[in-house]
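The block underneath contains the structure these notes are about, expressed in structure tokens.
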Amino acid sequence: MSTIRKPLDATAIALMVLICLVWSVQQIGLKATGHLAAPVLQIGIRSVIAALCVWTLVRFRGERIAFSGGVAVTGAFVGLLFAFEFLLVGESIKHTSASHVVVFLYTAPIFAALGLHWKLPSERLAAGQWAGIALAAIGIAIAFIGNGSSTSGDLSSMLLGDLMALVAGAGWGATTIVIRCSRLSAVPAAHTLFYQLATAGLILTVAAVVSGQTLVVPTWSLGLNLAFQSLVVCFFSFLVWFWMLTKYRASQLGVLSLMSPLFGVVLGVLLLGEPLSREFVLGSSIVLAGIVIVTGYPWLQQWRLRHAQPIAAKRGAD
């Protein structure tokens, strides 16, 4: 199995802009309709619907998803990680703002870069990237300290929500690592997505029932949000994301994924009226800067090499 992935091109960049905009809206929708149905229940329902859509697509293509063997076992494990991530997202959004959730969730590229460093020679971290990781860690600390020094709202609840969102980011990073370093890297993206959606749909729906989070207030807004979450977020955007993981370098995809927290913070303020403390803005800005350094470092190196070669050739000719 080849572990080499190509750098991002114009197609990848355009797709990432689109799916990052979609991803930035999902937390907004869950937060806005959380009083109509628990976020965990909504995520469970959307995962089941999207899994059925993916299965239909696979069958339409004349393909078969493996339900036994090593690929299926790995797929189920990735599904558990996926369910863990979104269970934390669903719970965190009840305790903190959508803006906070989206920023801490998108620390995932840091965790993915750390794991891939140890697993794949093609994704080794350079000294500059380690500096970016240290910078991101400082930004996370500032964001948490800023919340702790605030006098508004239930601080313990907000900090708990922020922490759960951060751990969800680690879960997302772990999912990326497993996909990149296992047989799932070589199977069609739709198959990998089905494993995750089917497993997460089952686990999260059961979790909602067991925890008593089954109250549903039928409204048009809830129905439209579930349709958007199921068809656009889980089916379309996730399918595109996992396909891109099989074609492009995961570390570089992380650079453009940072558009999601930026979009999410802006939309949270504009659509939900969420407040932002100066400390959180400062901390999250440092986090994003650190992630840019980590995931954008290969681009910087390539740019330096492209410009260094002509200069060296000119000096040699002189």
Legend entry - Between region 224-240 and region 76-137, the alpha-carbon center distance in angstrom: 21
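Place the peptides 53-62, 72-81, 12-21 in order of packing, highest mean first, counting for every residue the other Cβ atoms within 10 Å and averaging per peptide. Show your work: numbers first, answer last.
Numbers: 53-62: 13.9, 72-81: 19.6, 12-21: 17.0.
With the highest mean Cβ count within 10 Å placed first, the list reads 72-81, 12-21, 53-62.
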Legend entry - Among 157, 99, 260: highest mean-square fluctuation, GNM of the chain, C-alpha pairs under 10 Å: 157
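Just how many pairs of Lys in the chain have C-alpha atoms closer than 21 Å, counting pairs that are eight or more places apart or on different chains?
Lysine pairs meeting both conditions in the chain amount to 4.
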Inset, instruction - For region 210-222, take each phi angle, set θ = phi - 60°, evaluate the Karplus expression 6.51 cos²θ - 1.76 cosθ + 1.60, and give the result in whole Hz per residue in order, putting x for glycine and proline. - result: 4, 8, x, 9, 10, 5, 10, 9, x, 9, 5, 5, 5
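Roll a 1.4 angstrom probe over the protein heavy atoms and tell me the percent of accessible area of region 172-297 that is carbon or sulfur. Could you put the intermediate results ahead of the total?
Working: 3850 of 5090 Å².
In region 172-297, the share of accessible area belonging to carbon and sulfur is 76 percent.
How much accessible area per residue does the chain have, in Å², with a 1.4 Å probe? Intermediate results must be reported in sequence, preceding the final value.
On the way: 14180 Å² over 318 residues.
The answer is 45 Å² per residue.
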Inset, instruction - For the chain, just say rounded, prolate or oblate: build the C-alpha gyration tensor, square-root its eigenvalues into a ≥ b ≥ c, call rounded for a/c under 1.5, and beyond that prolate if a/b exceeds b/c, oblate if not. - result: oblate
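Apply the a/c threshold of 1.5 to the C-alpha gyration tensor of region 139-251 and tell me whether it is rounded, prolate or oblate. It would help to have the intermediate numbers written out before the result.
Working: a/c = 2.15, a/b = 1.26, b/c = 1.71.
Cα axes put region 139-251 in the oblate bin.
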Inset, instruction - Rounded to whole Hz and in sequence order, give me ³J(HN,Hα) for region 282-297 from the Karplus expression 6.51 cos²θ - 1.76 cosθ + 1.60, θ = phi - 60°, writing x for Gly and Pro. - result: 5, x, 5, 5, 5, 4, 5, 5, x, 5, 4, 5, 5, 7, x, 4
Legend entry - Integer Hz, Karplus 6.51/-1.76/1.60 couplings in order for region 53-68, x for Gly and Pro: 5, 5, 4, 4, 4, 4, 5, 4, 6, x, 9, 10, 8, 6, 10, 8
Inset, instruction - Tally up the carbon and sulfur contribution to the accessible surface of region 75-128 as a whole percent, 1.4 Å probe, everything protein left in place. - result: 73
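The values are calculated or read from the model by the stated rules, or taken from the named source; none is laboratory data. Only a predicted model underlies this, so the values are computations on that prediction, with no experimental measurement involved. Every residue, glycine among them, receives a Cβ derived from its backbone with ideal geometry; neighbour counts consider all protein chains shown. These area figures cover heavy atoms from the full protein model, side chains too; ligands, DNA and RNA do not enter into them. Shrake-Rupley method; radii C 1.70, N 1.55, O 1.52, S 1.80 Å.
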